[in-house]
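The values are calculated or read from the model by the stated rules, or taken from the named source; none is laboratory data. Remember, predicted model here, so these are calculated numbers, not experimental data. Ideal geometry is used to build each Cβ from the backbone, glycine not excepted, and the neighbour counts take in all protein chains shown.
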DNA sequence: AACTATATGGCACTCTGTGTCATTATGGAA
DNA sequence: TTCCATAATGACACAGAGTGCCATATAGTT
């Protein structure tokens, strides 16, 4: 996509990167789905990707990151939606509308819904992957909290709301993945409905 | 406490257990707090407890279980409170009162608040321990969900409520641990307040 | 005393994740 | 072109988590 004829990437001197992390992650996702997550070692992935095991660890912090890493853009997009939020004062439950807007904006950031569904199903099936949710989803807590507190929500309430939101939304994504509906929006909306802001 | 003069424990034939798991967990908790969680190996714990490393793994599923295991009684007590819940039909937001009651019942099951606070502070400081929350807190989801659905809450809403509840309550416990108030009840009450059941 | 049942712990193994370091491949300067 | 600085690679070694196997130890039972 990048580095086409018009846009040339500025490269520093030094050996160029030989592998495409996204392709490797996709390969790993396929292998995990076929043979099982625990049954597949990092060396297996490295071998099939024609890459050294050490190199694999340079591009992915750990084994779970091969699966969770792909969720990064979605989470960032969802968090970034707060930056373009309109107001600073404190409307009543319009705050929840802002939350919903940000959450739904995350959907648009997903390049391939089918791949994401496969990723989430894999996560749902493996406790080790499931337990990593906070590690990645917790990224947006900071932004969500500041969004809430800036609109008049008390400090501690904002904390609990973030925690509840995070849990409910993740559950919604898992539910969407477990079913066959193409649009995750209804699931996310229903999850948001269990929160109370007043 | 048990096996006093009146109550005699029926013992199967075979070598008796030589270690006290609770004492070992308490020891581990102290060592972790002193030297750090990652910096302390299972072999370190085993050595100081005068126990083989293999034996340690027989009583604790993994390293995190040395810390999280102690939360078991609290979680069970909280879940058991649903069994003694009064009604089956569907009051309006009296359901939330039942939830609150169950949650507060968990507090009574804590033998030593100071130890629990230390445990939670340790958990809060270490991402690896923090990520295990679902693994242990998820135990009561089944019971909480059936409590909600039996009282008229739709299946999917109950799911999202459980997820939100779990996240918010855990955050409340962490907040209580981070502060110095002796009673965790107010924190839990505020966390419950972010939920909506209607 | 012999037998049975259970806990222990030593040993070896796989896998994860990290640190070290020589090697390799590039862009740029001489 | 040749040399050099730079950055990615992968081989090697290592510590620690977690598991399986098995000999040993300690109890109750016959």
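Restricting to segment A:116-148, name every residue that is surrounded by fewer than 16 Cβ atoms within 10 Å (Cβ to Cβ), over 22 Å from residue B:168 (Cα atoms) and touching a helix residue (DSSP H, G or I) at 6+ places or on another chain (Cβ under 7 Å).
Matches in segment A:116-148: A:121 only.
Applying the selection to segment B:24-49, what residues are loosely packed, with under 15 Cβ neighbours inside 10 Å and in contact (Cβ under 8 Å) with a residue 24 or more places away in the chain?
Step one: filter segment B:24-49 for residues loosely packed, with under 15 Cβ neighbours inside 10 Å, giving B:30, B:34-36, B:38-39, B:41, B:43, B:47-48.
Once the filter is applied, which keeps residues that are loosely packed, with under 15 Cβ neighbours inside 10 Å and in contact (Cβ under 8 Å) with a residue 24 or more places away in the chain, segment B:24-49 yields only B:38.
Quick one: how many residues across segment B:51-82 are within 16 Å of DNA strand C (Cβ to nearest atom) and either within 14 Å of chain A (Cβ to nearest Cβ) or under 16 Å from residue B:27 (Cα atoms) (or both)? Quick ask: steps written out before the conclusion?
Initial filter on segment B:51-82 (within 16 Å of DNA strand C (Cβ to nearest atom)): B:51-66, B:69.
If we keep only those that are either within 14 Å of chain A (Cβ to nearest Cβ) or under 16 Å from residue B:27 (Cα atoms) (or both) as well, we get B:51-53, B:55-57, B:59-66, B:69.
Total meeting the criteria: 15.
State whether the residues of segment B:76-87 include one that is surrounded by fewer than 13 Cβ atoms within 10 Å (Cβ to Cβ), at pLDDT below 95 and farther than 26 Å from residue B:170 by Cα.
Residues of segment B:76-87 that are surrounded by fewer than 13 Cβ atoms within 10 Å (Cβ to Cβ), as a first pass: B:83-84, B:86-87.
With at pLDDT below 95 added as a condition, the list becomes B:83-84, B:86-87.
Right, trim to farther than 26 Å from residue B:170 by Cα and you get B:87.
Taking every residue of segment B:76-87 in turn, at least one turns out to be surrounded by fewer than 13 Cβ atoms within 10 Å (Cβ to Cβ), at pLDDT below 95 and farther than 26 Å from residue B:170 by Cα.
Taking residue B:58, is it out of contact with any helix residue (DSSP H, G or I) (no Cβ under 7 Å at 6 or more places or on another chain), modelled with pLDDT of 90 or more and either more than 8 Å from DNA strand D (Cβ to nearest atom) or over 26 Å from residue B:134 (Cβ atoms) (or both)?
Details: out of contact with any helix residue (DSSP H, G or I) (no Cβ under 7 Å at 6 or more places or on another chain): yes; modelled with pLDDT of 90 or more: yes; either more than 8 Å from DNA strand D (Cβ to nearest atom) or over 26 Å from residue B:134 (Cβ atoms) (or both): yes.
In short, yes.
When you scan segment A:15-36, do you find a residue that is within 11 Å of DNA strand C (Cβ to nearest atom), at pLDDT 95 or above and closer than 25 Å to residue A:111 by Cβ, even just one?
yes
Taking segment A:19-30, which residues are touching a helix residue (DSSP H, G or I) at 6+ places or on another chain (Cβ under 8 Å) and either over 30 Å from residue A:125 (Cα atoms) or in a loop (DSSP other than H, G, I, E, B) (or both)?
Within segment A:19-30, A:19 is the sole residue that qualifies.
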